[in-house]
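Q: Take a look at the following structure, please.
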Amino acid sequence: MDIFTNIQGFKHYLGTLKPQEKSVGFVPTMGALHEGHLELIKTSKQQNDLTICSIFVNPTQFNNPEDLNKYPRDTASDIAKLQDVLCDVVFIPTVEDMYDEHRIVNFHFGYLEEIMEGRFRPGHFSGVGLIVTKLFNLVKPNRAYFGTKDLQQLTIIKKLAKDLLFDIEIIPVETIRESDGLAMSSRNKLLSREERKQAVVLYNSLILAREKLNNQESVISVKKYISDYFESNSVIDLEYFEVVYTENLQNVSKIQKSDRVSLCIAGYLGKVRLIDNISLF
Ligand code: AMP
């Protein structure tokens with residue numbers, strides 16, 4: 001596996017690739033890699049001649065400095081995992097490499113950043129838009145892989161790619177879970193042993209909500225049930241539970257059989273923020 005730790009060397013390498021010969025799949029990550037990330041790499045490997053992964057804890061997408069400082073980092077173990085799945089190239093730039101001190105470019109994604117993650121993490125998606133645009137411009141992949149675990153991010157990246165005319169196919173990859181159902185996340189590493197056991201309540205509540213909706217209970221009553229549930233007897237400090245159309249993340253008030261709908265949830269377990277979503281049906 002080729003490892004690049006600065007833009008110059010990486011650019012030079014990319015310049016040696018002949019576009020007509022190789023299809024390039026790109027998997028941007030923030031490291032602390034787990035099976036979820038590796039699934040993206042494996043999917044890219046199946047669909048492309050060359051797979052490039054980036055590892056960069058992007059400061060501009062953290063609205064909370066403490067969250068940025070404590071974000072797990074383990075580059076040596078990440079490299080070993082990428083080697084195991086035969087990733088071809090990894091790019092691990094520094095903050096100085098990726099950002100000029102005086103950043104003035106910002107992104108705004110309208111409605112998509114006023115809801116859910118955007119509402120609770122102001123500026124987060126501007127930072128995501130910025131780093132993904134930089135990386136897309138640098139790597140110029142044919143395909144880029146994003147997890148449906150971060151459904152709102154995926155929706156925003158699709159819009160970004162379309163609006164900015166990136167000639168890149170955005171490929172969604174299903175959420176990989178632990179055996180109890182907890183969605184894999186780098187942040188799970190920050191949970192204590194006790195919290196780790198409790199964390200599955202987030203997923204279980206989504207399953208329960210799905211059952212209720214499939215049994216024709218109304219969206220409004222299921223939303224109330226979930227918010228009451230977390231208020232009265234859960235270790236999770238709920239930020240939101242939303243029922244949205246998967247395509248555009250608009251709120252659903254009444255579910256029709258043919259609709260593609262997702263249930264999205266986020267909350268704090270102690271100091272660790274967790275998110276998850278599942279689709280209906
Ligand atoms: P992150 O390192 O958290 O920024 O994630 C990098 C990519 O991996 C994003 O596209 C995430 O949506 C995706 N990802 C994170 N967790 C999972 C998971 N459990 N299953 C599948 N993809 C995931």
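Q: Subtract the Cα-Cα distance of K271 and L68 from 0.36 nm times their separation in residues, and report this length gain in nm to one decimal.
A: 71.8 nm
Q: For the chain, with only Lys/Arg (+1) and Asp/Glu (-1) charged at the beta-carbon, what is the dipole magnitude about the Cα centre, in debye rounded to 20?
A: So the dipole magnitude of the chain works out to roughly 300 debye.
Q: Quick one: Debye curve from the C-alpha atoms of the stretch 60-180, no solvent, what's log10 I(q)/I(0) at q = 0.12, 0.13, 0.14 Å⁻¹?
A: -0.53, -0.63, -0.74
Q: Pairs of lysines 8 or more apart, or on different chains, with alpha carbons under 23 Å: count those in the stretch 86-212, would you?
A: 14
Q: Anything in the chain that counts as a DSSP H helix reaching 20 Å or more along its axis (C-alpha) with Kyte-Doolittle mean of at least -1.0? List them, would you?
A: 124-139, 219-233
Q: Between Y13 and Q83, how many nm apart are label points set 7 Å from Cα along the C-beta direction?
A: 1.4 nm
Q: Here's something else I'd like to know. In the chain, what percent of the accessible surface is made up of carbon and sulfur (1.4 Å probe, ligands and nucleic acids excluded)?
A: Here it works out to 49 percent.
Q: As an exercise, take the mean of 1/r over every pair of distinct alpha carbons in the stretch 173-281, invert it, and state the Kirkwood radius in angstroms.
A: Values: mean 1/r = 0.0698 Å⁻¹.
When all Cα pairs of the stretch 173-281 are included, the Kirkwood radius is 14.3 Å.
Q: What is the Cα radius of gyration of the chain over 2.2 N^0.38 Å, N being its residue count?
A: 1.03
Q: Tell me which GluC sites (Glu not before Pro) from the stretch 1-48 have a DSSP coil assignment and no more than 15 other beta carbons within 10 Å of their own.
A: Values: sites: E21, E35, E39; in loops: E21.
Those satisfying the criteria are E21.
Q: I've got another one for you. Pop the C-beta distance of K254 and K158 into the FRET formula with R0 = 25 Å and round what comes out to the nearest 0.05.
A: Between K254 and K158 the formula returns 0.45.
The values are calculated or read from the model by the stated rules, or taken from the named source; none is laboratory data. What you are looking at is a predicted structure, and each value in this text was computed from that prediction instead of being measured. Please note: Cβ atoms are built from the backbone with ideal geometry, for glycine as well, and neighbour counts cover all protein chains shown. SASA here: full protein model, heavy atoms, side chains in, ligands and nucleic acids out. Shrake-Rupley method; radii C 1.70, N 1.55, O 1.52, S 1.80 Å.
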